[in-house]
Amino acid sequence: MSARPPFPGGTSVSRLRVYDWPAADTPGPVGSGTPHLHTTSSEGYVVIGGEGAVQTLGQDGYAVHRLFPGKVVWFTPGVVHRLVNDGDLEVLVVMSNAGLPEAGDAVLTFPGEVLADPGRYRDAAALPAQSQEGPDDPHVADAARRRRDLALTGYAELRARVDSEGGAGLADLHAAAGRLVASRVPEWRAIVRAGVERSTAETVSALASLASGGAGHLADASVVEQAARPGPARYGMCGRLQTWQL
């Protein structure tokens, strides 16, 4: 084959240990991730350990989805989601459109004045470079926690609007998210063409061959292995991430 096949469905997979950092709006020793949405990618959680919940804000309003081993939850672009860790919560995260989340598909729920200023948003969302010499980096952890807390401030305001207006309360956030990512779309199109579009086109071509009695595409069969990326788990929006280059 001319290029290594992408992971099935053009998806990405990561292993997430949700932060155990308490938040002001969660009583007791409960951890919280950073609330955000994705502008083009659907996301799924396969719970592999611990317990907790994912809070969502969508067209049906506010909801809490309990998480425990064996539970699967997924949602589409535009749904605001926030992971809550009741104890050792760990999930496999499956993302559509592999490469887009890493290229800025996510928008955090910062207060409106931050969302309205691309420069302020970029500075608030950025984290310092992480050391590769050990599993913990307090400098990065502090920055990730400050980022989480700023997003929780905006999330509280957003939840109040959704409680009052339903899904219409998300309109301002959705509009701001669109403005923030618009300049990235040319890069994203190239990622999608090389990933999920390629995977879909190959399936359509295979079906056409099979329908006419051919199976030549099977001669290109291949197997790919991929170890987890080396180094400590990185600081993500919702927890510590172990990732693969799929």
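The values are calculated or read from the model by the stated rules, or taken from the named source; none is laboratory data. All values derive from a computational prediction rather than experimental measurement. Cβ: placed from backbone, ideal geometry, glycine included. Neighbour counts: every protein chain shown. What goes into the accessible areas is simple: the full protein's heavy atoms, side chains included, and nothing from ligands, DNA or RNA. Shrake-Rupley method; radii C 1.70, N 1.55, O 1.52, S 1.80 Å.
Observations on the model:
- Some residue of the range 63-86 being small (Gly, Ala, Ser), out of contact with any Ser or Thr (no Cβ under 8 Å at 6 or more places or on another chain), more than 23 Å from residue 8 (Cβ to Cβ) and surrounded by fewer than 21 Cβ atoms within 10 Å (Cβ to Cβ): no
- Condition broken by residue 240, with the remaining ones in (1) part of a helix (DSSP H, G or I); (2) open to solvent by less than 40 Å² (accessible area, probe 1.4 Å); (3) modelled with pLDDT of 90 or more satisfied: (1)
- Subset tally (residues that are outside any strand (DSSP E or B) and open to solvent by 40 Å² or more (accessible area, probe 1.4 Å)) for the range 6-20: 4
- Residue match in the range 181-200 (condition: touching a Phe, Trp or Tyr at 6+ places or on another chain (Cβ under 7 Å) and under 30 Å from residue 85 (Cα atoms)): no
- Number of positions in the range 135-154 that are farther than 14 Å from residue 240 by Cα, in contact with a Phe, Trp or Tyr (Cβ under 6 Å, 6 or more places away or on another chain) and surrounded by fewer than 19 Cβ atoms within 10 Å (Cβ to Cβ): 1
- Scope the range 27-57; condition assigned to a loop (DSSP other than H, G, I, E, B), polar (S, T, N, Q) and open to solvent by 20 Å² or more (accessible area, probe 1.4 Å); matching residues: 39, 40, 42
- Condition met for residue 77 (of a type outside the set (D, E, K, R), touching a His at 6+ places or on another chain (Cβ under 6 Å) and part of a loop (DSSP other than H, G, I, E, B)): yes
- Yes/no for residue 177 being on the phi < 0 side of the Ramachandran plot and free of Cβ contacts under 8 Å to residues at least 60 places away in the same chain: no
- Considering the range 155-186, and only residues there that are touching a strand residue (DSSP E or B) at 6+ places or on another chain (Cβ under 9 Å) and within 17 Å of residue 119 (Cβ to Cβ), the residue that is most open to solvent (accessible area, probe 1.4 Å) turns out to be 180.
- Qualifying residue in the range 82-90 (condition: in a strand (DSSP E or B), within 20 Å of residue 18 (Cα to Cα), within 11 Å of the chain's Cα centre (by Cα) and of a type in the set (Val, Ile, Thr)): no
- Any hit, the range 93-113, residues being at pLDDT 95 or above, open to solvent by less than 50 Å² (accessible area, probe 1.4 Å), of a type outside the set (Gly, Ala, Ser) and farther than 22 Å from residue 126 by Cα: no
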